[in-house]
Amino acid sequence: MVGHVDHGKTTLVSALSGEWTDRHSEEIKRGISIRLGYADATFRRCPVCKEPDCYTVAEICKHCGSKTEELRTVSFVDSPGHEALMATMLSGAAIMDGAVLLIAASEPCPQPQTKEHLMALSLIGVEKTVIVQNKIDLVSRDEAIKHYLQIKDFVKGTIAEHSPIVPMSAQQSVNLDVLIQSIEQTIPTPSRSVDEPPIMHIARSFDINKPGTPIEKLKGGVIGGSLLKGKLREGDRLEIRPGRVVTTGGKEKWVPIETEITSIMAGGERVKEVTPGGLIGVGTKLDPSMTIEDSLVGQCVGMPGSLPPTWNELSIQFHLLERVVGVAKEVEIPAIKVGESIMLSAGTATTMGEVRRVTKETIDVKLSRPICAEEGSRVAIGRKIRARWHLIGAGVII
């Protein structure tokens with residue numbers, strides 16, 4: 001799975017094909033969204049042509065006419081680039097194996113949000129990156145070279161210091177073969193466990209029924225995301241945590257949701273079983289009102305009784321960045337204080353927390369919305385600065 005952090009592209013694509021895509025067609029046309037986008041691409045290789053000309057997504061090589069061989073199918077997570085959508089970007093990064101960082105050649109580098117997103121990738125453990133210098137068709141050769149040197153200077157000393165930089169034009173399909181080659185060499189498919197109980201992070205959820213659908217033809221809600229380990233099959237019983245809010249005796253509590261898998265979509269096709277790797281859509285027997293408008297994003301899915309604990313309070317071993325990134329003028333980060341509200345992102349979950357206790361290395365936080373996460377999970381920490389949420393540090397749950 002490859003993430004895509006967007007600073008040089010203006011269209012959003014979705015990997016969920018067929019009827020599951022119809023509901024998002026207007027969102028795709030608008031070109032900007034606070035939601036994550038999905039896209040699948042099958043990389044292929046011509047057995048005759050030399051590198052990089054051999055790399056393509058076409059079944060027939062455009063250079064020699066030979067039939068190409070399939071290498072692998074890669075799932076892309078399209079994370080929005082605007083600094084106001086930092087939480088959405090962190091949710092997407094949580095399910096990435098690597099990242100393609102798009103930087104527009106028509107803008108000075110770095111832009112404030114580019115700094116912040118590169119820092120975020122580092123803090124949550126996404127270290128394999130490919131940099132795309134996009135829109136080179138909009139600048140002169142000298143301007144492109146000057147911009148390339150800006151990128152090199154920007155990534156010096158970061159996780160992306162030795163990442164390949166691919167100059168290209170997505171609109172003109174220039175250097176797409178070089179980009180595929182770079183992804184193949186830089187972001188290999190990691191090994192994943194299929195023998196452990198399954199865990200899936202929900203990155204999208206929605207209702208696929210069109211308005212006015214008769215009750216007898218309604219289909220259950222759909223959840224989309226990435227299976228981290230184990231297997232899922234049609235007919236499996238699922239538990240979703242933290243679940244839903246139930247009020248009893250005047251008090252609210254979160255109760256896990258149980259449902260059943262009715263269908264699985266992977267790579268644009270319906271399958272009976274799915275293993276880790278790539279993005280999937282899971283049809284369920286849930287009332288579609290429970291999944292509409294990404295209402296289950298941030299929750300964990302697995303077999304009943306096998307999921308990590310649900311946390312209402314967290315103890316986090318943390319460290320802060322030296323300076324606030326993502327703003328025009330970087331400033332030092334003040335210490336976290338008791339009573340402060342901070343934003344926490346763990347997996348695909350984002351929640352607010354009130355700081356109850358602070359030591360030199362740890363903070364205790366009361367969550368406004370519980371999360372399901374394993375002990376030792378990475379947590380990104382955000383603070384509101386000048387009406388925007390910005391990344392200020394990271395830590396692990398202890």
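Going from the fewest other Cβ atoms within 10 Å to the most, the residues 154, 76 appear in the order 154, 76. Each residue of segment 170-177 was assigned a 3J(HN,Hα) from its phi angle through the Karplus curve 6.51 cos²θ - 1.76 cosθ + 1.60 (θ = phi - 60°); the sequence is 5, 5, 9, 6, 9, 6, 5, 5 Hz, with glycine and proline shown as x. Could you state the number of Å between the C-alpha centres of segment 341-363 and segment 375-391? Distance between centres, Cα-based: 8 Å. Restricting the calculation to Cα atoms, segment 287-398 yields a radius of gyration followed by a Dmax of 15.2, 49 Å.
Under the classification rounded if a/c is under 1.5, otherwise prolate if a/b is larger than b/c and oblate if not, where does segment 201-297 fall, given a ≥ b ≥ c as square roots of the Cα gyration tensor eigenvalues? The shape class here is oblate. One chain, two ends: residue 337 and residue 194. Fully extended at 0.36 nm per residue, the span grows by 47.2 nm beyond their Cα-Cα distance. Here the residues 44, 237, ranked from fewest to most Cβ neighbours within 10 Å of their Cβ, fall in the order 237, 44. Any aspartates and glutamates with Cα under 13 Å of the residue 135 Cα? List them, leaving off those in the same chain fewer than 8 positions away. Reachable aspartates and glutamates: 6, 107, 143.
Between residue 162 and residue 289, residue separation times 0.36 nm minus the direct Cα-Cα distance comes to 41.1 nm. In plain terms, the residue of 240, 208 with the fewest other Cβ atoms within 10 Å comes first and the most crowded comes last, giving 208, 240. Positive contributions from Lys and Arg (+1) and negative ones from Asp and Glu (-1), summed over other residues with Cβ under 12 Å from the Cβ of residue 202, come out at +1. Straight-line cross-link partners of residue 329 among the aspartates and glutamates, defined as a Cα under 16 Å from its Cα and at least 8 positions apart when in the same chain: 83, 116. When you count the other C-beta atoms within 10 angstrom of each residue and take the mean per peptide, 224-230, 140-146 line up highest first as 224-230, 140-146. Cross-link reach is defined here as a Cα-Cα straight distance under 14 Å, omitting same-chain residues fewer than 8 places apart; for residue 229 the aspartates and glutamates meeting it are 97, 195, 196, 273, 374. Could you please report the charge total around residue 366, scoring K, R as +1 and D, E as -1 over all other residues with beta-carbon less than 9 angstrom from its beta-carbon? Spelling it out: positives minus negatives among the neighbours equals -2. Positive contributions from Lys and Arg (+1) and negative ones from Asp and Glu (-1), summed over other residues with Cβ under 12 Å from the Cβ of residue 42, come out at -2.
No lab work stands behind these numbers, since they all come straight from the coordinates. What you see is a predicted model, and the numbers here were worked out from it, not measured in a lab. Counting neighbours? That spans all protein chains shown, and the Cβs are built from the backbone with ideal geometry, glycine included.
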